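Below you'll find the structure, written out as structure tokens, and then a few comments.
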Amino acid sequence: MNWIKVSIFTTSEGIEPVSGRLYQLGINGLEIEDEKDFKDFLENNRQYWDYVDDDLVKKMEGETCVKTYVSDDNAGHELMIAIKSTLEELKILDENREFGRLEFEANNMTEADWANNWKQYFHPMEIGEKVMIKPEWEELSKPTDRIVFNIEPGMSFGTGSHYTTQLCIESLEKYIVPGVKMLDLGCGSGILSIISLLLGAEEAVAVDIDPNAVDTAYQNAARNGIDKSKYKVLAGNVVTDEDIQKEISINKYDVIAANIVADVIIGLAPKAKEYIREDGVFITSGIIEDRLDDVKIALIENGFEIIAINHRKDWVSIVCK
């Protein structure tokens with residue numbers, strides 16, 4: 001398998017929050033180049049300066065960097081979109097700009113260049129029994145009886161390639177029936193909420209902390225013939241934003257989906273309980289195996305009954321009601 005090196009540019013103060021978000025995405029192998037540590041080493045070892053290689057000094061001058069590697073395939077490129085998405089969230093939270101520019105390079109390719117080249121890895125894919133995801137720039141080689149979801153994801157997380165998204169879609173196929181109302185928490189590209197509407201949901205509300213997700217989701221909805229009268233996309237933090245909470249609470253929902261990460265699902269569990277209808281279904285995903293028990297405990301403590309736990313590779317989806 002080929003690998004892509006992803007280098008994230010931050011500061012010494014940003015190492016911990018950046019690393020934490022990568023861990024939440026299931027990325028455990030990290031390389032840290034901390035400019036502050038290297039400068040401290042030089043300052044405290046002046047007597048050895050003659051032995052410090054000039055090229056190394058030049059290399060370490062500049063920004064602190066967190067590096068990791070992702071597979072050079074659909075799953076890896078979906079993971080890069082997730083990295084992009086979580087960095088955008090961190091930028092919003094970094095009000096004092098302590099964490100640097102929070103941008104990345106992929107194999108010495110800038111973020112902007114990668115955004116224009118990654119599409120070559122994304123092709124039509126069948127998921128579950130009913131759905132096919134098709135990038136807008138591709139043509140189908142033969143007719144299909146599946147529901148076709150056309151997507152131009154831009155740089156918002158959610159193309160269907162990642163195992164966590166696939167697990168969610170397979171569960172949506174079981175629980176979305178005509179007439180239900182659906183809530184998508186952490187919507188990214190809008191993939192789960194729009195597919196729910198294509199499967200027959202009466203209406204859907206989608207929320208993401210990244211403001212860029214709003215335009216991306218609405219554009220993807222339009223590509224699939226979804227009218228705005230059935231679909232509402234909001235930007236904000238469901239846990240802390242009272243305006244978002246008021247907007248969402250207008251309805252009770254038959255199906256709620258949260259394809260995010262374990263810590264966020266744990267934080268959302270009380271809100272999901274508040275917004276869900278009696279006998280409604282809460283579909284969670286984006287959980288790495290090591291965090292399964294933590295999420296289970298949080299869901300049970302908030303009154304949910306776990307009805308299914310689905311695994312794919314190192315990822316888990318929990319369905320409860």
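The values are calculated or read from the model by the stated rules, or taken from the named source; none is laboratory data. Note that the coordinates shown come from a computational prediction; the quantities given were computed from them, not determined experimentally. For neighbour counting, all protein chains shown are included, and Cβ atoms are generated from backbone atoms with ideal geometry for every residue, glycine included. All accessible areas refer to the heavy atoms of the entire protein, side chains included, with ligands and DNA or RNA removed. Shrake-Rupley method; radii C 1.70, N 1.55, O 1.52, S 1.80 Å.
Mind counting the residues in the range 289-321 that are part of a helix (DSSP H, G or I) and more than 16 Å from G267 (Cβ to Cβ)? Of the residues in the range 289-321, 4 are part of a helix (DSSP H, G or I) and more than 16 Å from G267 (Cβ to Cβ).
Just one of the listed residues (G280, G286, G179) is in contact with an Asp or Glu (Cβ under 6 Å, 6 or more places away or on another chain), of a type in the set (G, A, S) and assigned to a strand (DSSP E or B), and it is G280. Consider W3 carefully, then state whether it is modelled with pLDDT of 80 or more and not polar (S, T, N, Q). Judged against the criteria, W3 is a match.
If we scan the range 243-259, do we find a residue that is farther than 18 Å from V180 by Cα and buried (at least 21 other Cβ atoms within 10 Å of the Cβ)? Yes, because at least one residue in the range 243-259 is farther than 18 Å from V180 by Cα and buried (at least 21 other Cβ atoms within 10 Å of the Cβ). Checking the stated criteria, N74 turns out to be modelled with pLDDT under 75, of a type outside the set (V, I, T) and under 30 Å from D290 (Cα atoms).
Every test in (1) assigned to a helix (DSSP H, G or I); (2) of a type in the set (V, I, T); (3) open to solvent by less than 10 Å² (accessible area, probe 1.4 Å) is passed by V207 save one, and that test is (1). Taking the criterion of being modelled with pLDDT of 60 or more, open to solvent by 20 Å² or more (accessible area, probe 1.4 Å) and either under 27 Å from V261 (Cβ atoms) or under 20 Å from the mean Cα position of the chain (by Cα) (or both), the residues of the range 133-159 that qualify are K134, N150, E152. Taking E129 as meeting all but one of (1) more than 25 Å from L199 (Cα to Cα); (2) open to solvent by 30 Å² or more (accessible area, probe 1.4 Å); (3) touching a helix residue (DSSP H, G or I) at 6+ places or on another chain (Cβ under 7 Å); (4) at pLDDT 85 or above, write down the number of the exception. Here E129 meets the rest and fails (1). There is no residue in the range 290-307 that is open to solvent by 70 Å² or more (accessible area, probe 1.4 Å) and at positive phi.
Sub-8 Å Cβ pairs linking a first residue in the range 94-116 that is farther than 15 Å from V66 by Cβ and at pLDDT 85 or above to a second residue that is loosely packed, with under 12 Cβ neighbours inside 10 Å and charged (D, E, K, R), at least 6 apart or interchain, number zero.
The set of residues in the range 240-275 that are closer than 19 Å to C168 by Cβ and in contact with a Lys or Arg (Cβ under 7 Å, 6 or more places away or on another chain) comprises Y253, D254, A262, Y275. In the condition set (1) free of Cβ contacts under 8 Å to residues at least 60 places away in the same chain; (2) open to solvent by less than 10 Å² (accessible area, probe 1.4 Å), T164 is compliant with all but (1).
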